[in-house]
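Everything below concerns the one structure shown next.
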Amino acid sequence: MMKFVSSMMIGAIFGLGIAISGMANPAKVLNFFDLFGTWDPSLAFVMGGALITTLIGYRIVFGRQNKPAYAQMFHVPERADIDRRLVLGSAGFGVGWGIAGFCPGGAIPALGLGYSQTFVFVGAMIAGIILARFANMRLQRTAIAL
Amino acid sequence: MFETEFTPVMSLFGGILIGLAAVLLMSIQGRIAGMTGILTGIIPPLASDWSWRAAFLIGAIIAPAIFVAAGGTVEFAVPPTTIALIVGGLIVGVGVYFGSGCTSGHGVCGMARLSPRSIAATVVFMIASFVTVFVTRHLLGM
């Protein structure tokens, strides 16, 4: 129960941060990318603030704790190789982000603002994840068959 | 065409809150605060540890609602058309699945761990977004 409540509280801090930072506002996100038009550099401050806080905070956590408070171990990705999937997938994400102005972390908290456009985007994004998961299963099956 | 106000203080403060959430999630659950990973785990077939993910998502959605209900203002405007939202949403979904993360997972948590994969992913998706907006707004005039 504490695990559930603490997760919800942390999610709330995340969602509040997204909302007040401007990341939940597609107009602001798109303007950050529009260097040669209506440029709004605000998002650099969001990324900077989040990154510096996490950089320092992770060091404190990994330095002081052997394991998380409510879990057996830290789940941290170990891979270091930069493969084609990572690069092409990320390029795709960037294109979609530039078209719609929403990223997943911006769109989910934006649902709480209650605008219909967010629901359209999130629905399409979830459909995209399901589609990719299905395509990935097919790819793996083909690879095994070969 | 859609001017937005430069908000360095609120954006920095919001960013610090996002970072704080990432640090707390690692300290308490031992997890990366990446929206792609958290969301994918609650799309059927459910991940075995779906409950903390669902809790995080519920918190992330209700917090902005409470903030607005309490009198806070959150600027919101969506310049793209419905078609663009659907196309963009589909591409984002496929992209983050194959790219194993998005702005929160790679851009914040992965970069903070100095992960080479996350640094590469972040550079690639940021460049792709800049190029996409340049093409749609200045070459295609959308």
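Quick notes on this one:
- Scanning the stretch B:78-111 for residues that are among the aliphatic types (A, V, I, L, M) and within 7 Å of chain A (Cβ to nearest Cβ) yields B:78, B:84, B:85, B:86, B:87, B:90, B:91, B:92, B:94, B:96, B:108, B:111.
- Residue count for the stretch B:108-142 satisfying the condition of being buried (at least 24 other Cβ atoms within 10 Å of the Cβ), without any contact (Cβ under 8 Å) to a residue 60 or more places away in the chain and within 18 Å of residue B:21 (Cβ to Cβ): 1.
- Against the criterion of being surrounded by fewer than 21 Cβ atoms within 10 Å (Cβ to Cβ) and not β-branched (Val, Ile, Thr), residue B:56 does not qualify.
- Filter result (part of a loop (DSSP other than H, G, I, E, B) and either within 15 Å of residue B:141 (Cα to Cα) or aliphatic (A, V, I, L, M) (or both)) within the stretch A:22-37: A:23, A:24, A:34, A:35, A:36, A:37
- Of all residues in the stretch B:20-77, those satisfying the criterion of being within 18 Å of the chain's Cα centre (by Cα), more than 7 Å from every other protein chain (Cβ to nearest Cβ) and not in a loop (DSSP other than H, G, I, E, B) are B:37, B:38, B:53, B:54.
- Screening residue B:18 on (1) surrounded by fewer than 24 Cβ atoms within 10 Å (Cβ to Cβ); (2) touching a residue at least 40 places away in the same chain (Cβ under 8 Å) shows it passes everything except condition (1).
- Any hit, the stretch A:114-132, residues being among the hydroxyl-bearing types (Ser, Thr, Tyr), out of contact with any strand residue (DSSP E or B) (no Cβ under 6 Å at 6 or more places or on another chain), more than 7 Å from every other protein chain (Cβ to nearest Cβ) and within 17 Å of residue B:35 (Cα to Cα): yes
- Residue within the stretch A:99-110 that is surrounded by fewer than 22 Cβ atoms within 10 Å (Cβ to Cβ), facing chain B (nearest Cβ under 7 Å) and without any contact (Cβ under 8 Å) to a residue 24 or more places away in the chain present: no
- Residue count for the stretch B:78-104, restricted to those that are hydroxyl-bearing (Ser, Thr, Tyr) and either closer than 16 Å to residue A:115 by Cβ or in a loop (DSSP other than H, G, I, E, B) (or both): 3
- Residue list for the stretch A:1-57, restricted to those being in contact (Cβ under 8 Å) with a residue 40 or more places away in the chain, under 18 Å from the mean Cα position of the chain (by Cα) and more than 24 Å from residue B:72 (Cα to Cα): A:33
- Candidate set from the stretch B:116-142 (those that are of a type in the set (Gly, Ala, Ser) and more than 7 Å from chain A (Cβ to nearest Cβ)); member that is farthest from residue A:51 (Cα to Cα): B:141
- Filtered residues of the stretch A:31-68 (kept if among the small types (Gly, Ala, Ser) and surrounded by 14 or more Cβ atoms within 10 Å (Cβ to Cβ)): A:37, A:42, A:44, A:48, A:49, A:50, A:57
Where a number appears in this text, it was derived from the coordinates with a stated rule and is not lab data. It should be emphasised that the depicted structure is a prediction, and the values quoted were computed from it without experimental measurement. Because the Cβ atoms are built from the backbone with ideal geometry, glycine has one as well, and the counts that use them run over all protein chains shown.
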